[in-house]
Structures are given as structure tokens and as C-alpha cells.
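K.L.:
Take a look at this one; I'll ask things after.
The values are calculated or read from the model by the stated rules, or taken from the named source; none is laboratory data. Fair warning: this is a prediction, and the values are worked out from it, not measured in the lab. As a convention, Cβ positions derive from the backbone with ideal geometry for all residues, glycine included, and neighbour counts pool all protein chains shown. In case anyone asks, the SASA skips ligands and DNA or RNA and just uses the protein heavy atoms, side chains included. Shrake-Rupley method; radii C 1.70, N 1.55, O 1.52, S 1.80 Å.
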Amino acid sequence: MSQFHEIVIVGAGFSGIGTAIALKKAGFHDILMVDDASGPGGVWHWNNYPGVAVDIPSFSYQFSFEQASDWSRTYAPGRELKSYAEYCVEKYDLAKHIQYNTRVQEAKFDEANDQWLIDTSQGALKARYMIHAGGPLSQPRLPDIKGIDSFQGDVMHTSRWDHSISLEGKRVGIIGTGATAVQVIPEIAPIVEKLTVFQRTPIWCLPKPDLPLPKVARLGLKSIPGVKSISRLASQAFVEFTFPGIAHYYSLIPGADSVEKLALAWLNSQVKDPVTREKLTPNYALGCKRPSFHNGFLKTFNRDNVWLETNSIEEITPNSIRNADGSEHELDVLILATGFKVTDADAMPSYPVYNTEGVHLGNLWDEGRHHSYKGISTAGFPNYFTTFGPYGYNGSSFFTLIESSAAHITRVITTASKRHASRVEVKKAAQDAYIADIQSRGHRQIFRKDSCQNANSYYFTRHGDVPFRAATTMEVLWNSTRFPLADYQFSSAS
Ligand code: NA7
């Protein structure tokens, strides 16, 4: 017998938490959240590698309605984000709604009853509404390198860090130089015997205004009126300029390239050896892929026990990595900082979702190009919502996206409830008009630069599309409570 819930939310990370809070505030209480993790926090539950920290200022990387005053730094370490998730679960009484260690395996829409039939690792569920709140960085990407399974030493992906593996005095290899590796490398370099960093594409790394927030500063944030709001406002303005501003309005911002010049100056000041410096210099525009922020990453390459390998990997053997030029690095431990499946058909969403015509949402997006209405709804998939769907995210703090998505979804479900509708579906014409509008703004984005072809950026789908929402955060937030309800079709089961 399947358990029925009015709303099933997939994911108990911050998207799931924020959406559940909004729905509860709107009067919906029959909510079940499922997550394959054993606790809340999503990426902050899974990613506990050495050095993990947020790289958006903490004043922005939190809910607007639940601003903490006790972050230990301007960029909080990961464990504080995990604690913040636990705090939100407790404060908003969500624990009773969450079923952990439950992986959704498949979802099918039952047209006769206007409900989703959800198959999970813990049994079947039925739901009037299904909300996919799985983040884009949840499915680890393991590299498809010849011989990887033959490696006899310890292997781990950064998002499944095994703290029982000691790195002390070991010969360690790390594949990847994305935002995760940037945080891991400076932490482990001082303890290993030798660290070999296998880089395919260099990352733009900028200095990070990462300062401790001593007790007195936290007290000021908590008790002096206006301090919290001013810090938030300054932080939001910084994030808006450095992420959505440069990405979407690149051609309109005079001197947008100056950030790249600053990054180059920073690189030159940090890395002593000119050959290593050259290897670390990106050959694509800053913004084509997610840049990183760290004060210690680049100078780690000045250490005698760190080697930057840029020859391509040919093969992994039982005890080494062999490069295409024949050189070989013997290793005791191999760390895969190889990122996540982001827009792959089996990752977005991470389980098959079928509508009544048997159309598989992941395949529809992957084969027929990514599309949706504001990242939230997709025509042909009634009563199904995504907090992070195609063309929904504008690149600002994830919390802005979560709050705007939650507001949009709550407005639709509330309207359906008021109209006694059991089924709600976005109209294809509204979706097409939205996609056309967003794509028409593409010419001013940084992603149009030719050099982006060198970036190997996960922002791009295999069709070359960048399914971001080319809009300011103000526009996204404003629109989330004012989009025309007529863009949706409300009806009842016959
Ligand atoms: P990323 O940013 O996707 O980085 C993955 C890194 O792994 C990147 O340098 C890749 O090189 C490299 N990679 C992946 N597969 C391979 C193979 N097969 N061979 C060599 N190198 C490989 O993931 P992160 O975990 O660092 O960061 C994810 C997000 O977390 C980040 O954007 C922030 O939002 C926080 P490539 O660049 O593809 O050539």
C-alpha cells in the first residue's frame, strides 16, 4: 500500500528546507521530504572534505528570513552550513516531515487520479504534487579513465571523503582543479609526502575577502540595529556584480575585463616559478566557467612537495597514473576532485520522471535541449516542480534562487487549492515565450566569447546552451510572486 502525501519534496538540502518552510507558512502541512542522505544539508551534508567552505559571502549565503549572527568567518566553513541546516530543520519543525536514507528511483504521473506514483528505496509513495529539490551538484562524476578500477591504493571522490584514510606522509594524486580542488589542495599539501595535481583546464582563482568574525563583530551583528542589514546589502551587491552582473551583462559593463586583469596580477604575485605560472594561466575569459576564490591555492604550487601535472592522463595502473607523454607518477592515494554530473540526462533529475505519454524528463531536456518555465515547471509534466530547473538560476546566491523558486511554487499550489483544482500544468505557449525572451538576452552574456570554447565549463550543455536565467536578482525575486497565473492551466480529475 502506497503512502499518500499532498506534497512530496525530493531533497532535504537547503532547497528542500526552504520550499517546505514556504509551504508550511502558506498552510500546507501534509508534506513528506525524502533524501538519500542520513541528515539534512544536501551538499553540506555530503561535502566534508578538508577546507570545505562557502565561496559566496555568508551574509548572502543564508535565508533572508533567518539571518545568523554567529558565522565564524565572512565565508563560513562547511560544518557551519551543515549546523545551519540542522538549526532550520529544528526551528521550522521539519524533522517530522523528513524521511532520510530514501532514494527516489522513479516517478510516473497517474493521469486518472492526478497524482505522482513515486518508487523509492524505502517503498512506494503517492503525491498530488512532487517537488524536485535536488541540487545540481549532487551526483558525483567519476572520471572515465582507462584502468581506474585497477588502482590498488585508496580512492575517493571529494564529495564522499573517507576520513579514515590517512594522507600523512603519503604520495597523493588529485585529479581536477575546480572549486573543490582549490579548497582541498592547500589543506592537504602540508601533510602529504608528495602531492601531484592533475590539471586539465586551469581555473581562474581570485583572492577571497575571508576574514574571521571575532566575538565582538558577531555581537555587533546581533545587537546593533542596522548592522546586519547593511552587511547583507553590501554582500548582495558584491555577489550581484561578480556573478550575474558580469555573466549576463558583460557587454554592457564598462571595464568588465578588469576583473580578469586583477586575477592575472594576483596569479603573478602568488606563483614564483614562471613555467608553473604559465600552466596555471587560463586561456578563456573569466566567467566562462565558475571561477574560484582562495587565498592559499596558487601559492601552494611554490611548495617543493607539490607538482602540477598538465600532460593528459593516459591510464591509471594499480599503483600510478601514466601520462600520454609516458611519464608516470606513483601514488598511494588518489583523490577525484572531478565534480558532478550537472545537466546529464541521468542527473537532472537524478531519477527517471515519466509523464502520461511515457516521456522521460531527463531525456526530453537532454535530447530536445533544456527548457522550462522559469526553472520551475515544464509543459507536459503536471503537478511537478523543480527548484533548480533549466533557465531558472541567474548565478546569484543559491538562497535567492531557493526563496524565489519556493515563492513561485507556493503561489501555484495555493492557487490550485483555492480553485479546487487537482491538476496544474504550465502552458507550452507561456514556456516557449519565456525561453524565447531569456535566450534573446544571450548576446550580452560573457558565455558568447569565443574563448569559452577552451573552458570545459559545466555551464554549457552538450548542445552548447547555457541554461541560466539572464536576469538580475531583483527581477527574479519580483517575478516570483507576480508572474501571470494565466500561464498555468488549472483543472480537476474527471
Ligand atoms: P568542477 O568545477 O566541475 O571541477 C571538476 C574538475 O575535475 C575540473 O578541473 C575538471 O577538468 C576535472 N576533471 C573532470 N574529469 C576529468 C578527467 N576525466 N580527467 C581530468 N580532469 C578531469 O567540480 P568541483 O567539485 O571542483 O566544483 C563544483 C562546484 O562546487 C563549483 O562550481 C562551486 O559552485 C562549488 P575540466 O575543467 O573539465 O577540464
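K.L.:
Does Thr300 meet the test of being away from the ligand (no atom under 12 Å from the Cβ), of a type in the set (Val, Ile, Thr) and in contact with a Gly (Cβ under 7 Å, 6 or more places away or on another chain)?
P.N.:
Details: away from the ligand (no atom under 12 Å from the Cβ): yes; of a type in the set (Val, Ile, Thr): yes; in contact with a Gly (Cβ under 7 Å, 6 or more places away or on another chain): no.
No, not satisfied.
K.L.:
Residues that are touching a residue at least 12 places away in the same chain (Cβ under 8 Å) and within 16 Å of the ligand (Cβ to nearest atom): which strands (runs of 3 or more DSSP E) entirely in region 87-205 hold 3 or more of them?
P.N.:
Per the criteria, 154-157, 171-175, 194-198.
K.L.:
Let me confirm something: among Val43, Val52, which residue is under 30 Å from Gln105 (Cβ atoms), open to solvent by 30 Å² or more (accessible area, probe 1.4 Å) and either acidic (Asp, Glu) or within 14 Å of the ligand (Cβ to nearest atom) (or both)?
P.N.:
When all the criteria are applied, what remains is Val43.
K.L.:
Now for a different question. Show me the helices (runs of 4 or more DSSP H) entirely contained within region 387-483 in which 3 or more residues are of a type in the set (Asp, Glu).
P.N.:
none
K.L.:
Quick one: count up the residues across region 312-338 that are in contact with a Gly (Cβ under 9 Å, 6 or more places away or on another chain) and open to solvent by less than 60 Å² (accessible area, probe 1.4 Å).
P.N.:
Within region 312-338, residues that are in contact with a Gly (Cβ under 9 Å, 6 or more places away or on another chain) and open to solvent by less than 60 Å² (accessible area, probe 1.4 Å) number 14.
K.L.:
Among the listed residues Ser15, Ser64, identify the single one that is in a loop (DSSP other than H, G, I, E, B) and among the hydroxyl-bearing types (Ser, Thr, Tyr).
P.N.:
The conditions single out Ser64.
K.L.:
Taking region 66-83 on its own, how many of its residues are touching a residue at least 40 places away in the same chain (Cβ under 8 Å) and either more than 19 Å from the chain's Cα centre (by Cα) or closer than 18 Å to Ile17 by Cβ (or both)?
P.N.:
Going through region 66-83 one residue at a time, the tally reaches 9.
K.L.:
Return yes when Ser457 is open to solvent by less than 60 Å² (accessible area, probe 1.4 Å) and within 15 Å of the ligand (Cβ to nearest atom) and no when it is not.
P.N.:
Considered against the rule, which asks whether it is open to solvent by less than 60 Å² (accessible area, probe 1.4 Å) and within 15 Å of the ligand (Cβ to nearest atom), Ser457 comes out as yes.
K.L.:
If we scan region 354-374, do we find a residue that is within 17 Å of Asp487 (Cβ to Cβ), surrounded by fewer than 18 Cβ atoms within 10 Å (Cβ to Cβ) and either in contact with a strand residue (DSSP E or B) (Cβ under 6 Å, 6 or more places away or on another chain) or free of Cβ contacts under 8 Å to residues at least 24 places away in the same chain (or both)?
P.N.:
No, that holds for no residue.
K.L.:
A further question follows. From Phe388, Phe381, Phe399, grab the single residue that is touching a strand residue (DSSP E or B) at 6+ places or on another chain (Cβ under 9 Å) and open to solvent by less than 10 Å² (accessible area, probe 1.4 Å).
P.N.:
On the way: Phe388 fails: open to solvent by less than 10 Å² (accessible area, probe 1.4 Å); Phe399 fails: touching a strand residue (DSSP E or B) at 6+ places or on another chain (Cβ under 9 Å).
Matching residue, one of Phe388, Phe381, Phe399: Phe381.
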